[in-house]
Amino acid sequence: MLGIEYPVIMAPMFLVSTPKMIVAALNSGITAAMPAMNYRTANELDEALKFIKSQTNKPFGVNIIVNKSNIRYKDQLDVCIKNKVAFIITSLGNPKEVIARGKEAGVKVFCDVTDLNFAQKVEQLGADAIIAVSSHAGGHAGQFSPKELITTIKEHCKIPVISAGGVVTNAQFQDKLNYGADGVTVGTAFIASNECDVCKEYKDAIVKYKAKDIVSTEKLSGSKLTVINTPYVQKIGTEANVLEKFLNRNKRLRKYVKMLMVINSMKKLQKAAFSTTYQTVWCAGPSIEDINEIRSVNDIVERIVKNEISRGARPCTST
Ligand SMILES: Cc1cc2nc3c(=O)[nH]c(=O)nc-3n(C[C@H](O)[C@H](O)[C@H](O)COP(=O)(O)O)c2cc1C
């Protein structure tokens, strides 16, 4: 569909993805997407897209959050359409308008879903592919294992299915393809890359912590988000308190509460991603289990797409 060498997307990651990482990904034979939310204005987003285009003519995408918490949604969509990005990834809401505008402009639209019901809805709306966000994903993870989610969606939907979550090694990549996925999208693995601009402490944490240290917290955006269980996360707890729950349930207030929580969580994540702070909240998924060093984007891609034998590993022989 995109004319790329390997069926892999470097996943959009709030605050983490940069144009430099995107270009490195495109030069490694995969595609990549970055979140529109990483830019405060439409102009900044426009400049970032133009920068990537000045470096390469390979296809890349942008992620747009389509729920009400994203007050810059319309401007972001306009900029993506104007720049004719190859694809848009929609998350956290109804993608109807993005799909319709994408169709008019020849921009493909891939929609994040966590269950079959939503997958069938986006297919009916005309999405070009489904991103099946599994329980192994970093960020806003789903409830179902990759195997369960991919096989169920493949059975009932005709458009391509891209699996999100839990890929760092070639064996994990092959597993997803064997379940029937047409491709995968990979986030956490690329946090520990040389090209990523987050602080050294965040990258070291990705290497040091393991899957057992990932917890899901409602404290930041109101929706469950996977983070590393740092002492600060342990201190504030992971469940929304009674007041937060009440405000989140109140129909009239919900939109504003969500917006405030998102702004607040953005500030915390931003501080922790780029400097040492006691309020350490680092977003990552359980796939940190298999991340054991900081590497170049190209090496991370090779680890995923090339099997150990073809990369020169020798089988063990007893003497
Ligand atoms: C640090 C971080 C930030 C993320 N930010 C976003 C985002 O802004 N928008 C989005 O749709 N998904 C976001 N995600 C989810 C990823 O796009 C992707 O679905 C996920 O990383 C796949 O699972 P993996 O981390 O096991 O590879 C984020 C994930 C991480 C780890």
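Among C80, C111, C157, whose mean-square fluctuation peaks in a Gaussian network model of the chain (Cα, cutoff 10 Å)?
C157
So, in nm, how far is label D78 from label S54 when the simple model puts each one 7 Å beyond its Cα toward the Cβ?
Once both label points are built, they end up 2.3 nm from each other.
Assuming R0 = 30 Å, what is the FRET efficiency of E44 and S216, from their Cβ-Cβ distance, to the nearest 0.05?
Numbers: r = 31 Å, r/R0 = 1.03.
Between E44 and S216 the formula returns 0.45.
Based on the inverse mean of 1/r over its pairs of different Cα atoms, what is the Kirkwood hydrodynamic radius of region 128-179, in Å? Before the final figure, lay out each step's value.
Numbers: mean 1/r = 0.0912 Å⁻¹.
About 11.0 Å, per the Kirkwood formula over Cα pairs.
When the expected Rg is taken as 2.2 N^0.38 Å, what fraction or multiple of it is the alpha-carbon Rg of region 121-226? Don't skip to the end; give the middle numbers.
Values: Rg = 15.1 Å, N = 106, 2.2 N^0.38 = 12.9 Å.
Working it through for region 121-226, the quotient is 1.17.
Of F118, F110, F190, which has the largest mean-square fluctuation in a 10 Å C-alpha GNM of the chain?
Looking only at F118, F110, F190, the largest GNM fluctuation is found for F118.
For the chain, what value does the Rg/Rh ratio take when both radii are computed over Cα atoms and Rh is the Kirkwood radius, given to two decimals?
Details: Rg = 19.0 Å, Rh = 19.9 Å.
Rg/Rh for the chain comes to 0.95.
Return a whole-number percent for the relative contact order of the chain, with Cα pairs under 8 Å and 6 or more residues apart as the contact set.
Numbers: 621 pairs, mean separation 54.6, N = 319.
Relative contact order for the chain comes out at 17 percent.
So what is the relative contact order for region 123-238, in percent, with contacts set as C-alpha pairs under 8 Å and at least six apart?
That works out to 21 percent.
Of E97, E104, which has the most accessible area and how do the rest follow, probe 1.4 Å? Write down the numbers at each step before the final one.
On the way: E97 60, E104 155 Å².
From most accessible down to least: E104, E97.
Kirkwood Rh over alpha-carbon pairs of region 1-63, then Stokes-Einstein at 4 °C and 1.567 mPa s: what D in µm² s⁻¹, rounded to an integer?
Numbers: Rh = 11.6 Å.
Here the translational diffusion coefficient equals 111 µm²/s.
Show me the trypsin sites (Lys or Arg not before Pro) within region 18-109 that DSSP assigns to loop and that have at most 15 other Cβ atoms within 10 Å of their Cβ.
Numbers: sites: K20, R40, K50, K53, K68, R72, K74, K82, K84, K96, R101, K103, K108; in loops: R40, K68, R72, K84.
Answer in residue order: R40, K68, K84.
Quick check on region 21-166: what are the equivalent-ellipsoid semi-axes from the Cα gyration tensor, as sqrt(5λ), descending, whole Å? It would help to have the intermediate numbers written out before the result.
Numbers: eigenvalues 124, 57, 41 Å².
Result for region 21-166: semi-axes of 25, 17, 14 Å.
If one computes the Cα centroid of region 168-188 and of region 38-105, what distance in Å separates the two points?
25
Hey, got a sec? Which trypsin sites (Lys or Arg not before Pro) in region 125-185 land in a DSSP loop and have at most 11 other Cβ atoms within 10 Å?
Working: sites: K147, K154, K158, K176; in loops: K158.
Of the trypsin sites (Lys or Arg not before Pro), the ones in loops of region 125-185 whose Cβ has at most 11 other Cβ atoms within 10 Å are K158.
At 7 Å along the Cα-to-beta-carbon direction for both N292 and F274, put a label point, then send me their distance in nm to one decimal.
3.4
Using the beta-carbon distance between K147 and T238 and R0 = 22 Å, what value does 1/(1 + (r/R0)^6) give for FRET efficiency, to the nearest 0.05?
Values: r = 26 Å, r/R0 = 1.20.
That gives a FRET efficiency of 0.25.
For the chain, set up a Gaussian network in which alpha carbons nearer than 10 Å are linked by springs, and say which option among A137, A48, A33 fluctuates the most.
Most flexible of the set in this elastic network: A48.
The values are calculated or read from the model by the stated rules, or taken from the named source; none is laboratory data. Quantities reported herein were computed from a predicted structural model and do not represent experimental measurements. Every residue, glycine as well, gets a Cβ built from its backbone with ideal geometry; the counts of neighbours run over all protein chains shown. Each accessible area value is taken on the protein alone, full model and side chains, heavy atoms only, with ligands, DNA and RNA left out. Shrake-Rupley method; radii C 1.70, N 1.55, O 1.52, S 1.80 Å.
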